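Novice: Okay, handing you the structure first.
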Amino acid sequence: MARSGGAPVLIVGGGIGGLATALALARRGREVHVLEKAAQFGEIGAGLQLAPNASHALAQLGILDLLAPYAVRPRRIVWRDARSGNLVTELDLGARFQERYGYPYLVMHRGDLLDVLLAACRAEGRIVLESGRTVIDVEERDAGVRIYTADGAAFDGVACVAADGLWSKLRALVHADGDPIPARYVAYRGTFPVSALWDGAGLEDVTLWTGHGLHLVQYPIRGGELFNQVAVFRSDRFRADSDDWGTPDELDARFAGGCAPVLAGIERIGRERRWTMYDREPIGCWTRGRLALLGDAAHPMLQYLAQGACQALEDAVVLAHALDAAEDEPSGFLAYQQQRYLRTARVQYSARLFGEIWHVNEVGATLRDAMLARRAPDDFTHLEWLYGWRPPSNVRGTARLPRIFRG
Ligand SMILES: Cc1cc2nc3c(=O)[nH]c(=O)nc-3n(C[C@H](O)[C@H](O)[C@H](O)COP(=O)(O)OP(=O)(O)OC[C@H]3O[C@@H](n4cnc5c(N)ncnc54)[C@H](O)[C@@H]3O)c2cc1C
């Protein structure tokens with residue numbers, strides 16, 4: 001049901017998922033109105049890994065080439081033991097990888113991705129972007145929806161996409177499963193200029209250091225100008241009713257036994273803010289009538305596969321195509337849900353599993369490392385399902401790989 005003009009699709013949340021959806025819908029002729037609660041559109045945090053399934057979705061959205069000045073194409077993902085520094089295994093992201101998946105593995109500043117999405121949305125005449133609007137309720141009426149915001153305003157639309165993130169207010173209207181589940185892990189993250197790097201830091205790679213109940217991820221971003229780090233650990237002081245856990249002193253204590261490059265990284269990581277880790281059990285119901293969930297609102301996951309934003313981008317592409325192909329919005333939303341929920345459930349469960357494998361105790365790690373020792377860097381067996389994603393055949397459009405990312 002491709003359409004031009006008409007009442008807008010209302011999108012709640014202007015994060016990566018919300019803006020990607022706005023763009024995907026507008027490019028298919030839909031009017032869109034995005035309502036974001038923050039005073040300005042923007043992203044906090046630091047780096048983002050975008051696997052080929054995400055770069056394919058970005059190509060579908062027509063913005064992959066615009067990311068080229070900001071994105072870095074790492075050579076490898078290198079997994080090392082945080083204590084000994086020994087190599088566990090590595091993934092070669094070079095020619096064979098590129099040939100296999102057709103799209104690149106990218107790392108970049110999440111603010112740069114959001115800025116490119118925002119500029120593309122602003123260039124679309126069909127998208128209205130409003131910040132400073134906190135949505136508090138959605139009501140279905142006849143052949144449309146009405147959204148209410150905290151400042152007393154109301155907005156009418158033909159349908160509503162809730163892309164309001166992990167703490168989604170609107171999720172409960174579709175599936176009331178309470179608060180997200182705390183993982184008892186906390187993350188510190190930040191960037192600094194590469195000029196402040198220590199000798200031997202892997203500037204061409206994504207490096208993952210793992211230990212018992214902790215890990216550190218490092219990679220360059222912003223065209224190689226900045227070095228990004230995420231340090232994650234399980235807090236022994238976790239209490240659901242308190243904020244006094246996962247504190248900077250615990251960060252230092254947990255990583256104290258690390259090898260020299262890990263200690264150098266932890267010393268430079270920002271301590272002003274920490275992110276507590278949550279996910280949810282996967283659900284099969286993402287939609288009620290003219291309301292559909294998208295991104296973290298639908299399938300929040302632990303970040304261990306670096307796929308939360310990648311899945312939100314896939315959602316955006318599939319949702320726009322599904323609405324296009326359907327008789328009306330409720331059936332378009334149902335088709336979208338059917339095409340997405342099992343895949344994202346697999347990613348949610350696999351992310352938990354990867355966390356277990358990374359964070360296992362030292363005896364477990366010895367066994368794990370022995371099993372992985374003979375794995376070839378170009379063995380993609382366990383990645384096929386994840387990185388090899390293509391939109392279902394009924395939603396395929398043209399997505400040429402921009403010249404800048406070829407070869
Ligand atoms: C430490 C860490 C590292 C990560 N690394 C990666 C990675 O490398 N690769 C990857 O793909 N993913 C990664 N992720 C996951 C990724 O950040 C998220 O999955 C992604 O940002 C989700 O996007 P979203 O648009 O669904 O939600 P969000 O980014 O949370 O956006 C939701 C938006 O909705 C707005 N909002 C909320 N409530 C309302 C309301 N009531 N009214 C109006 N607006 C509202 C918010 O202000 C926000 O702007 C990581 C996550 C963490 C914590």
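The values are calculated or read from the model by the stated rules, or taken from the named source; none is laboratory data. Treat the numbers as computed from the prediction; the structure is a model and nothing was measured. Cβ atoms come from the backbone with ideal geometry, glycine included; neighbour counts cover every protein chain shown. These accessible areas exclude ligands, DNA and RNA; they are computed on the full protein's heavy atoms, side chains included. Shrake-Rupley method; radii C 1.70, N 1.55, O 1.52, S 1.80 Å.
Novice: Counting residues that are touching a residue at least 12 places away in the same chain (Cβ under 8 Å) and buried (at least 22 other Cβ atoms within 10 Å of the Cβ), which helices (runs of 4 or more DSSP H) fully inside the stretch 302-400 reach at least 2?
Specialist: Passing ranges, in order: 308-325, 329-359.
Novice: Please go through the stretch 193-207 and pick out each residue that is in a strand (DSSP E or B) and surrounded by fewer than 21 Cβ atoms within 10 Å (Cβ to Cβ).
Specialist: PRO193, ASP205
Novice: Something else about it: Counting only residues that are among the small types (Gly, Ala, Ser) and closer than 21 Å to TYR349 by Cα, which one in the stretch 166-183 is nearest to the chain's Cα centre (by Cα)?
Specialist: Here the answer is SER168.
Novice: Taking the stretch 236-248 on its own, how many of its residues are at pLDDT below 95 and in a helix (DSSP H, G or I)?
Specialist: Here the count works out to 0.
Novice: Can you work out which of the residues in the stretch 167-187 that are farther than 23 Å from ARG290 by Cβ and part of a loop (DSSP other than H, G, I, E, B) is most open to solvent (accessible area, probe 1.4 Å)?
Specialist: The selected residue is ASP179.
Novice: Taking the residues in the stretch 28-67 that are away from the ligand (no atom under 12 Å from the Cβ), more than 28 Å from GLY223 (Cα to Cα) and among the charged types (D, E, K, R) as candidates, determine which candidate is most open to solvent (accessible area, probe 1.4 Å).
Specialist: ARG28
Novice: Also, I was wondering about something else. For VAL128, all conditions in the list (1) assigned to a helix (DSSP H, G or I); (2) open to solvent by 10 Å² or more (accessible area, probe 1.4 Å) hold save one; what is the number of the exception?
Specialist: The number of the failed condition is (1).
Novice: Here's a follow-up. Can you tell me how many residues within the stretch 242-283 are farther than 27 Å from ALA297 by Cα, buried (at least 17 other Cβ atoms within 10 Å of the Cβ) and within 22 Å of the chain's Cα centre (by Cα)?
Specialist: Total satisfying the criteria: 1.
Novice: Let me ask another. In the stretch 1-21, which residues are within 12 Å of the ligand (Cβ to nearest atom) and in a loop (DSSP other than H, G, I, E, B)?
Specialist: Selection gives GLY13, GLY14, GLY15.
Novice: So which residues in the stretch 102-115 are in a helix (DSSP H, G or I) and surrounded by fewer than 23 Cβ atoms within 10 Å (Cβ to Cβ), if there are any at all?
Specialist: Answer for the stretch 102-115, where residues must be in a helix (DSSP H, G or I) and surrounded by fewer than 23 Cβ atoms within 10 Å (Cβ to Cβ): ARG110, GLY111, ASP112, LEU114, ASP115.
Novice: Report, by residue number, each residue of the stretch 262-288 that is assigned to a loop (DSSP other than H, G, I, E, B) and either free of Cβ contacts under 8 Å to residues at least 12 places away in the same chain or farther than 15 Å from LEU319 by Cβ (or both).
Specialist: ILE269, GLY270, ARG271, GLU272, ARG273, ARG274, ARG280, GLU281, PRO282, ILE283, GLY284, CYS285
Novice: When GLY94 is evaluated against the numbered criteria (1) away from the ligand (no atom under 16 Å from the Cβ); (2) touching a Gly at 6+ places or on another chain (Cβ under 7 Å), which criterion, by number, is the only one it fails?
Specialist: Failing condition for GLY94: (2).
Novice: When you scan the stretch 22-89 for strands (runs of 3 or more DSSP E) that lie fully inside it, which ones turn up with 3 or more residues that are over 20 Å from GLN311 (Cα atoms) and not aromatic (Phe, Trp, Tyr)?
Specialist: The strands (runs of 3 or more DSSP E) meeting that bar are 30-35, 76-81.
Novice: If we keep just the residues of the stretch 280-290 that are touching a helix residue (DSSP H, G or I) at 6+ places or on another chain (Cβ under 6 Å) and within 15 Å of the ligand (Cβ to nearest atom), which is nearest to GLY332 (Cα to Cα)?
Specialist: Filtering first and then ranking leaves TRP286.
Novice: A further question on this structure: Could you identify the single residue in GLY223, GLY190 that is open to solvent by 30 Å² or more (accessible area, probe 1.4 Å), outside any loop (DSSP other than H, G, I, E, B) and in contact with a strand residue (DSSP E or B) (Cβ under 7 Å, 6 or more places away or on another chain)?
Specialist: GLY223
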